[in-house]
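Everything below concerns the one structure shown next.
The values are calculated or read from the model by the stated rules, or taken from the named source; none is laboratory data. This is a predicted model, so every value here is computed, not measured. Cβ placement follows ideal geometry from the backbone for every residue including glycine, while neighbour counts extend to all protein chains displayed.
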Amino acid sequence: MTIAKLALRNFLGAGMKAWLRVVVLSLAFVVIIGLQGLYVGMGEQMSQAMISAELGGGQYWHPKYDPQDPLELADAHGPIPAGLTSLIENGRATPILIVQGYIYSAGTFRSILLKGIDPNQHVLSLPTGVLADSPGSGPALIGTRMAREAGLKAGDVATVRWRDAVGTFDAEEIRIARVMNTSVQTVDSGQVWLPLDRLQRMARMNGEASLVVLANGTSGGAVTGWTFKDLDFLLADVRAMVRTKMAGGAIVYTILLFLGMITILDTQVLSIFYRKKEIGTLMALGLTRGSVIRMFTLEGAFNAVLAAVIGAIYGIPLLGLLASSGIPVPPVTEQVGFSVGDRIYPAYSAALVLGTTALVGVTTTVVSFLPTRKIARLQPTEALRGRLG
Amino acid sequence: MASMNGPASPLIRTRDLVKVYSLGGSRLVALNKVNLTFHRSEFAGLVGPSGSGKTTLLNILGSLDRPTEGSAEVLGERIEDLSHKKAAELRSRHIGFIFQTHNLLPVYTVYENVEFPLLVLGAPAGERHKAVMAALEWVGLADLARSRPAQLSGGQSQRVAIARAIVKRPELVLADEPTANLDGENSRNVLDTMTALSRDLQTTFIFATHDEKVIRYLRRKIVLNDGVVIEDKVLQTVPANQPRAVPVI
């Protein structure tokens, strides 16, 4: 306790230089927590959006369905398993049929996926009700990206072409009932949503689906021939992407932390060099070498303690504001592989804050301790004469 | 320890004390067969030219260094046998140091500098405050308790160093050239202070000096030359100019 008190006195006695180090280190604290919170928030937001609009509580896949394999898509359909019928009837699951096709609009043909979904489903947060409510024939639902790609808007009519189950090409007109705004690219780009029974009829796949989506929180049993994909599997790509982004962010804060540590290391080395007479005096006054080492190490460690306090003073309001109001995301992010909406809302967990505090605290203490090992070899008489042994 | 702590037993005894420094390939004999005894409340000085071994002897008596050969027994502890920890304990409990350049801790106030030895000893806060204020009053600097060393004159700084050395009431105070950086008036003030302390508290003072002003105050003068004691005699001293009663701490 006495050593800590002495170390604190020395630390505070160093004046502006000490506070400058503390401010630099507090920046490291806030940036680490801020960046990590940003990525965690982004990951959570993406996951929640995907769960809500696409994944539900997991999916049963037809044995040949593989979103990564377009060549198999033509055969990736089959009768909806009897084991899932009751869940579908109770609104706890919804089947989706996927058929490869083309859309003719704005003078060009584009390859698309025609997706059939029950207009009355409530499993996914897609505005599929418009597929039932829209007056006229051939209602279709598309997202803003698809609308942009194909030059379509609500009310427009376009022609879609597909090959049915027996290999015959056919074409029909669709009318855009609504352009939905969704942050989930995988239910939007290159996709046209149609009523399920209509697509089943168009593709001659009556009573068939490519996958069945469970409502969030619903569990289904084993279904013969169809494979259940849980959220861990379905979100693996998103989580891997967030991990990659966090690793990228780690480079930034590692550099910042490194700069902070260099400052502290430099201060400690210079401190021991310039304060050797003081070290000798402390030994003459009865401090052991171990006590002097502890005192110098603690002096360094106080940088982290006070940086945490200072960081909390301006970091909590700042990061709290960002967490509540979100950070605007430029549209260009869609082109680099992810989209989470207009704003990202950072998420800071206790584990993140405590982990960062522990990381900075331990690193600072180790960096503060390393130069003090010189004191262990120091003769008091040499130190009193201002020399290092 | 008890063997040398009785009323009649000496505070310090050295026997054939030798200190040799290795400098590259050569050997420098700093102390050569030094045999000395000091008793309670002595006011003694080690006198001699630079390099005669004065500081080396003070360092060994203060357990800051170890002899190469022979023995130095201080307050019943054999310096050559002490571990670093035991030596630090001996210094913290029983020995006060006064250095040529006062060596005050720059970031501490006057009060905190004087308080430091008591903090090391783990004295309770109330007791510390009482002892520090009494020591500062005794050296006449109580009104500068909140000042920093940089705000003090050389004489004031050295008086703070004296207060720091005596605040824990040590049996032994070792002073290395305490007046070397002081003018005549400040030297007299400092020496008067230490003389009164020795008289009132029965503290043993041992100086290393070649300052004539200090030598005039000594009650015992030990002359060293090339690490050998060439003279050891009791002196007639000038009385302290401003004797003060030591306040109760």
(request) Would you check if A:Gly286 is outside any helix (DSSP H, G or I) and either within 14 Å of chain B (Cβ to nearest Cβ) or out of contact with any Pro (no Cβ under 6 Å at 6 or more places or on another chain) (or both)? (result) yes
(message) Given (1) more than 14 Å from chain A (Cβ to nearest Cβ); (2) assigned to a loop (DSSP other than H, G, I, E, B); (3) free of Cβ contacts under 8 Å to residues at least 40 places away in the same chain, identify the lone condition not met by B:Arg66.
(response) (1)
(request) Could you tell me which residue of segment A:159-193 is modelled with the lowest pLDDT, considering only residues that are within 16 Å of A:His77 (Cα to Cα) and part of a strand (DSSP E or B)? (result) A:Arg163
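Taking segment A:293-312, which residues are within 15 Å of A:Val367 (Cβ to Cβ) and among the small types (Gly, Ala, Ser)?
Across segment A:293-312, the qualifying residues are A:Gly300, A:Ala301, A:Ala304, A:Ala307.
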(request) Could you please let me know if A:Gln45 is assigned to a helix (DSSP H, G or I), of a type in the set (S, T, N, Q), at negative phi and touching a helix residue (DSSP H, G or I) at 6+ places or on another chain (Cβ under 7 Å)? (result) no
(request) Being under 11 Å from A:Gly116 (Cα atoms) and not in a loop (DSSP other than H, G, I, E, B) is the filter here, so list the residues in segment A:194-220 that pass it. (result) A:Leu194, A:Pro195, A:Leu196, A:Asp197, A:Arg198, A:Leu199, A:Gln200, A:Arg201, A:Met202, A:Glu208, A:Ala209, A:Leu211
(message) Of everything in segment A:317-340, what is assigned to a loop (DSSP other than H, G, I, E, B), buried (at least 17 other Cβ atoms within 10 Å of the Cβ) and modelled with pLDDT of 65 or more? Give them in sequence order.
(response) A:Gly326, A:Val329, A:Val340
(request) Just one of (1) farther than 21 Å from B:Phe38 by Cα; (2) more than 10 Å from chain A (Cβ to nearest Cβ) trips up B:Pro106, so point out which. (result) (2)
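Could you look through segment B:189-211, keep only residues that are among the hydroxyl-bearing types (Ser, Thr, Tyr) and touching a Lys or Arg at 6+ places or on another chain (Cβ under 7 Å), and pick out the one that is farthest from B:Val139 (Cα to Cα)?
Checked segment B:189-211; the qualifying residue farthest from B:Val139 (Cα to Cα) is B:Thr204.
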(request) Find all pairs meeting these conditions: Cβ atoms under 8 angstrom apart; at least six residues apart or on different chains; first residue within segment B:2-23 and within 19 Å of B:Asn35 (Cα to Cα); second residue surrounded by 10 or more Cβ atoms within 10 Å (Cβ to Cβ) and at pLDDT below 80. (result) B:Ser3/B:Ser9; B:Pro10/B:Met4; B:Leu11/B:Met4; B:Arg13/B:Met4
(request) May I ask you to list the residues in segment A:56-87 that are part of a helix (DSSP H, G or I) and crowded, with 20+ Cβ neighbours inside 10 Å? (result) A:Leu84, A:Leu87
(request) Scan A:Ser105, A:Ser125 and give me the residue that is of a type outside the set (Val, Ile, Thr) and modelled with pLDDT under 90. (result) A:Ser105
(request) Name every residue in segment B:169-194 that is over 17 Å from B:Leu46 (Cβ atoms) and β-branched (Val, Ile, Thr), in order of residue number. (result) B:Val190, B:Thr193
(request) Go through segment B:48-63 and count every residue that is assigned to a loop (DSSP other than H, G, I, E, B), within 16 Å of B:Ile230 (Cα to Cα) and within 14 Å of another protein chain (Cβ to nearest Cβ). (result) 3
(message) I need every pair where a residue in segment A:193-220 that is within 20 Å of A:Gly138 (Cα to Cα) has its Cβ under 8 Å from the Cβ of a residue that is of a type in the set (Lys, Arg) and in a strand (DSSP E or B), sequence separation at least 6 or different chains.
(response) A:Trp193/A:Lys115; A:Leu194/A:Lys115; A:Leu199/A:Lys115
(request) Scan (1) modelled with pLDDT of 85 or more; (2) of a type in the set (D, E, K, R); (3) part of a helix (DSSP H, G or I); (4) over 14 Å from the mean Cα position of the chain (by Cα) for the single condition B:Lys233 breaks and write down its number. (result) (3)
(message) I'd like the full set of residues that are crowded, with 24+ Cβ neighbours inside 10 Å and at pLDDT 95 or above, limited to segment B:127-163.
(response) B:Val132
(message) Quick check on segment B:69-90: of everything there that is touching a strand residue (DSSP E or B) at 6+ places or on another chain (Cβ under 8 Å) and either within 10 Å of chain A (Cβ to nearest Cβ) or among the polar types (S, T, N, Q) (or both), which residue is farthest from B:Pro10 (Cα to Cα)?
(response) B:Lys86
(message) Of the residues A:Ala28, A:Ala53, only one is surrounded by fewer than 22 Cβ atoms within 10 Å (Cβ to Cβ), among the hydrophobic types (A, V, I, L, M, F, W, C) and assigned to a helix (DSSP H, G or I); which?
(response) A:Ala53
(request) Among what's in segment B:170-209 and is of a type in the set (Gly, Ala, Ser) and in contact with a Ser or Thr (Cβ under 7 Å, 6 or more places away or on another chain), pick the residue that is modelled with the highest pLDDT. (result) B:Ala208
(request) Take the residues in segment A:88-113 that are surrounded by fewer than 17 Cβ atoms within 10 Å (Cβ to Cβ) and not in a strand (DSSP E or B), then tell me which one is nearest to the chain's Cα centre (by Cα). (result) A:Gly91
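Given the structure, is A:Ile98 of a type outside the set (Gly, Ala, Ser) and either in contact with a Ser or Thr (Cβ under 7 Å, 6 or more places away or on another chain) or within 13 Å of A:Val212 (Cβ to Cβ) (or both)?
Details: of a type outside the set (Gly, Ala, Ser): yes; either in contact with a Ser or Thr (Cβ under 7 Å, 6 or more places away or on another chain) or within 13 Å of A:Val212 (Cβ to Cβ) (or both): yes.
When the stated conditions are applied, A:Ile98 passes them.
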(message) Suppose we keep only residues that are assigned to a helix (DSSP H, G or I) and in contact with a Phe, Trp or Tyr (Cβ under 9 Å, 6 or more places away or on another chain) within segment A:265-276. Which one would you say is nearest to the other protein chains (Cβ to nearest Cβ)?
(response) A:Ser271
(message) Condition check: assigned to a loop (DSSP other than H, G, I, E, B) and either among the hydrophobic types (A, V, I, L, M, F, W, C) or touching a helix residue (DSSP H, G or I) at 6+ places or on another chain (Cβ under 6 Å) (or both). Does A:Val223 satisfy that?
(response) yes
(request) State whether the residues of segment A:248-257 include one that is over 21 Å from the mean Cα position of the chain (by Cα), at pLDDT below 80 and in a helix (DSSP H, G or I). (result) yes
(request) Evaluate segment B:110-126: report whether one residue or more is of a type in the set (Val, Ile, Thr), facing another protein chain (nearest Cβ under 10 Å) and over 30 Å from B:Asp65 (Cβ atoms). (result) no
(message) Given (1) closer than 17 Å to A:Thr227 by Cα; (2) without any contact (Cβ under 8 Å) to a residue 60 or more places away in the chain, identify the lone condition not met by A:Leu87.
(response) (2)
(message) Return the residues of segment B:92-103 that are buried (at least 20 other Cβ atoms within 10 Å of the Cβ), within 8 Å of another protein chain (Cβ to nearest Cβ) and at negative phi; say none if nothing qualifies.
(response) B:Ser92, B:Phe97, B:Phe99
